[in-house]
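Contents: one structure, followed by commentary.
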Amino acid sequence: MKIVFGIFNRLIFGTITLIEPKLNQGGVSRVEIDLDGIVIIVGNYGSGKTEVSINLAVNRKRAGLEVRIADLDLVNPYFRTREAKARLAELGIEVVVPPQQYMQADLPILSPVVSGMIRQPSQLTLLDTGGDDVGVNVLAALGAALSGKKIHVLQVVNPFRPFTDTTGGCLKIRYEIERASRLSISGIIGNANLIDETTVKDIYTGYDFALGLSKESGLPLKFVTVAAELMPEIDIKHFTCPVLLIERQLVPPWKRSFSLASKME
Amino acid sequence: MGKILMKGNEAIGEAAIRAGCLNYFAYPITPQSEVAEYLSRRMPEVGGVFLQGESEVAVSYMLFGASACGARVFTTSSSPGISLMSEGISYIAGAQCPAVFVNIMRGGPGLGGILPSQADYFQSTKGGGHGDYRLLVMAPASVQEAVEMVMLAFPLAEKYRNPVMLLGDGLIGQMMEPVEFPDHLKSEPTNKDEWATNGMDTRGSNKRNLVKSLFLDAGKLNEHNLMLKAKYDRMKQEEIRYELYNIESDYKALIVSYGTMSRVCKTSIDNMKDEGLEVGMVRPQTLFPFPEKAIYEAASKESCKVVVSIEMSMGQMVEDVERSVKGKLPVRWYGKCGGDVPTPEEVIEAVKSFL
């Protein structure tokens, strides 16, 4: 059931879709992000790119899109998209990762499949890059494949992280990423969180921060994120942009990740 | 300042700055390179020094030299890098200079792997380098605790004029948790005139400070080692730190576990409690000195039938646990050492198999 809210449509940067009521979280209508094509997720180190990418992939898959996601994190060997590969595969989301024997190596291996998936994109092709400017060097290597394609390059920001707690800090990393990747950032994703200790107030503070950054940078705020466990306490009307529900997948071994499969009808 | 979200490695770097340490020398290695990356950015901001050495051996002697001059110094590395630094660590301990080392452990031996491990227990608690020295070894189980331990490590290193080792595993370095930083410490060791070669005029004294670990005379070297031993004995009296978990229950089994592994064990203990099986835990926060008495007392509970050492090594802590339990109960081991952290379910299965 897809309803376009005309009045909001001028404020946000896509359509709002209401999910079937049975999928509502805590009585709150979950708004959806209207993104398709090639989406490249960038941001400073530890801003939450991978968790956002995984949940965005799941969100769009549930909306009926064919989704492929590539783990381009060649920088950091821990907490990468590849860790959620099996769970995403169960939902029918293909995860492109380096060959099995190099999975746990801290080697910058770029699968040749990635340029193929850019040349022949799915309805949604998600590229989850590594952190900071060094994390997006890989994109320059994919320049030929990306050339002439319509792409979204979205910068994830979490004001509760070091170096991006100010608009200036976020803009600095924006320019560094743009210089290294030779791509222009086209939108912002507000990912304010303190993981388990995030409060409703933090979400609203982070939203205001993201709006401020949007205004200062001239970049649209594509969506903000809210953890599933906080959703019941959130007033969805507070936001003029869509909200991406985060069902946390990258958890330490003593915690359980959210079951993604249980939400599929 | 409120809480911020930090990786363990970043938080360790920031904690060192807050502890007044403005000298950081390092050589990058996974899974702790973020400390170097973070401090290469932060040290210039606070007027400190970040210097990448040409090797870990070089780094350990940079620490030695700077510490000998009375500066507060630290480095971070991971298992193979600590092996290389071990020569310098022995010299620093022998010359009684304070320094803080952080080991974010990865799998071994040799190059091993880059995933979490606790296989450097022997290396850090039983020597590592040559000679009759000990390190004061602390093992954090969370990013917040890593911050607190780093900030404690510097005053302790200076109190004992001995290297202090912070032993974390790859997960402690890589995971993100919200943290809060305590107030800044003063940036200079208050007792540095005891050893620093900073000039007699500066100290206003006519006592010459000589930093050395060479004692050719047998009697003098023996005397020196007895004095070092007295320091290590004092650590055993004054520095033992540990946490007790579910110890008020009538537990059937007692787990001894530290660092990341203890976080998994806590989840297992909670889950077993829900099933009606009580299990207690002693979590050593200092690995040397080891909380022998606390473990002995916990193992003395009448309901307790077995003590299980759970670690991401092939049972390196078992000997210390056995020594603590003094034959009162059987001591078993469960663990993995390839990089996979045992799951709460695997820990439960292991504990049940020993009952």
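The values are calculated or read from the model by the stated rules, or taken from the named source; none is laboratory data. Keep in mind the model is a prediction, meaning the values are calculated, not measured. Note that each Cβ is placed from the backbone with ideal geometry, even for glycine, and that neighbours are counted across all protein chains shown.
Annotations
- Hey, B:GLU177 within 14 Å of another protein chain (Cβ to nearest Cβ), at pLDDT 95 or above and outside any helix (DSSP H, G or I) or not: yes
- Condition check for B:GLU188: acidic (Asp, Glu) and part of a loop (DSSP other than H, G, I, E, B): yes
- Candidates are the residues of the stretch A:169-187 that are in contact with a helix residue (DSSP H, G or I) (Cβ under 8 Å, 6 or more places away or on another chain), assigned to a loop (DSSP other than H, G, I, E, B) and surrounded by 15 or more Cβ atoms within 10 Å (Cβ to Cβ); the one that is nearest to the other protein chains (Cβ to nearest Cβ) is A:ILE185.
- Some residue of the stretch B:71-91 being on the phi > 0 side of the Ramachandran plot and assigned by TED's automatic domain parsing to the domain that holds B:MET151: no
- Of all the residues in the stretch B:114-150, those that are outside any loop (DSSP other than H, G, I, E, B), buried (at least 22 other Cβ atoms within 10 Å of the Cβ) and of a type in the set (A, V, I, L, M, F, W, C) number 8.
- Residues that are in contact (Cβ under 8 Å) with a residue 60 or more places away in the chain and either surrounded by fewer than 20 Cβ atoms within 10 Å (Cβ to Cβ) or in a helix (DSSP H, G or I) (or both) within the stretch A:158-168 comprise just one, A:PHE163.
- Scanning the stretch A:88-116 for residues that are assigned to a helix (DSSP H, G or I), modelled with pLDDT of 85 or more and of a type outside the set (A, V, I, L, M), we see that the one that is nearest to A:LYS61 (Cα to Cα) is A:GLU90.
Here's the yes/no breakdown for (1) within 13 Å of chain A (Cβ to nearest Cβ); (2) buried (at least 20 other Cβ atoms within 10 Å of the Cβ):
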residue	(1), (2)
B:TYR24	no, yes
B:SER40	yes, no
B:SER55	no, no
B:ALA68	no, yes
B:SER77	no, yes
B:GLY81	no, yes
B:MET85	no, yes
B:GLY88	no, yes
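- All positions within the stretch B:229-276 that are away from chain A (no Cβ under 14 Å), among the hydrophobic types (A, V, I, L, M, F, W, C) and crowded, with 17+ Cβ neighbours inside 10 Å: B:MET235, B:ILE240, B:ALA253, B:LEU254, B:VAL256
- Qualifying residue in the stretch A:209-224 (condition: surrounded by fewer than 19 Cβ atoms within 10 Å (Cβ to Cβ) and within 14 Å of chain B (Cβ to nearest Cβ)): no
- Hey, B:VAL347 surrounded by 14 or more Cβ atoms within 10 Å (Cβ to Cβ), part of a helix (DSSP H, G or I) and within 14 Å of chain A (Cβ to nearest Cβ) or not: yes
- Among the candidates B:SER187, B:SER124, B:SER117, residue that is over 27 Å from B:ASN225 (Cα atoms), assigned by TED's automatic domain parsing to the domain that holds B:GLY81 and modelled with pLDDT of 95 or more: B:SER117
- Any hit, the stretch A:38-50, residues being surrounded by fewer than 24 Cβ atoms within 10 Å (Cβ to Cβ) and out of contact with any strand residue (DSSP E or B) (no Cβ under 6 Å at 6 or more places or on another chain): yes
- If you go through the stretch B:98-131 and keep only what is within 14 Å of another protein chain (Cβ to nearest Cβ) and closer than 26 Å to B:ALA15 by Cα, you end up with B:ILE104, B:MET105, B:ARG106, B:GLY107, B:ILE114, B:LEU115, B:PRO116, B:SER117, B:GLN118.
- Residue within the stretch A:54-74 that is in contact with a helix residue (DSSP H, G or I) (Cβ under 8 Å, 6 or more places away or on another chain) and either of a type in the set (Ser, Thr, Tyr) or free of Cβ contacts under 8 Å to residues at least 24 places away in the same chain (or both) present: no
- Pairs with Cβ under 6 Å, 6+ apart, first in the stretch B:127-148 and assigned by TED's automatic domain parsing to the domain that holds B:ALA16, second assigned to a loop (DSSP other than H, G, I, E, B): B:ALA139/B:TYR258; B:ALA146/B:PRO140
- Checked against (1) assigned to a strand (DSSP E or B); (2) modelled with pLDDT under 95, B:GLY339 meets all criteria but (1).
- When the stretch B:198-225 is limited to residues that are within 15 Å of B:GLY70 (Cα to Cα) and surrounded by 15 or more Cβ atoms within 10 Å (Cβ to Cβ), the one that is modelled with the lowest pLDDT turns out to be B:ARG203.
- Test result for A:ASP73, surrounded by 19 or more Cβ atoms within 10 Å (Cβ to Cβ) and under 20 Å from B:LEU115 (Cβ atoms): yes
- Among residues of the stretch B:7-22, those that are facing another protein chain (nearest Cβ under 10 Å) and either out of contact with any Gly (no Cβ under 8 Å at 6 or more places or on another chain) or surrounded by fewer than 24 Cβ atoms within 10 Å (Cβ to Cβ) (or both), counted: 3
- Condition check for B:SER187: in contact (Cβ under 8 Å) with a residue 60 or more places away in the chain, more than 18 Å from B:SER117 (Cα to Cα) and not basic (Lys, Arg): yes
- For the stretch A:73-83, the criterion of being farther than 19 Å from A:PRO108 by Cα, polar (S, T, N, Q), outside any helix (DSSP H, G or I) and within 14 Å of chain B (Cβ to nearest Cβ) is met by none of the residues.
- Pick from the stretch B:154-174, criterion within 14 Å of chain A (Cβ to nearest Cβ) and closer than 27 Å to B:GLU238 by Cα, ranking: farthest from the chain's Cα centre (by Cα): B:ILE172
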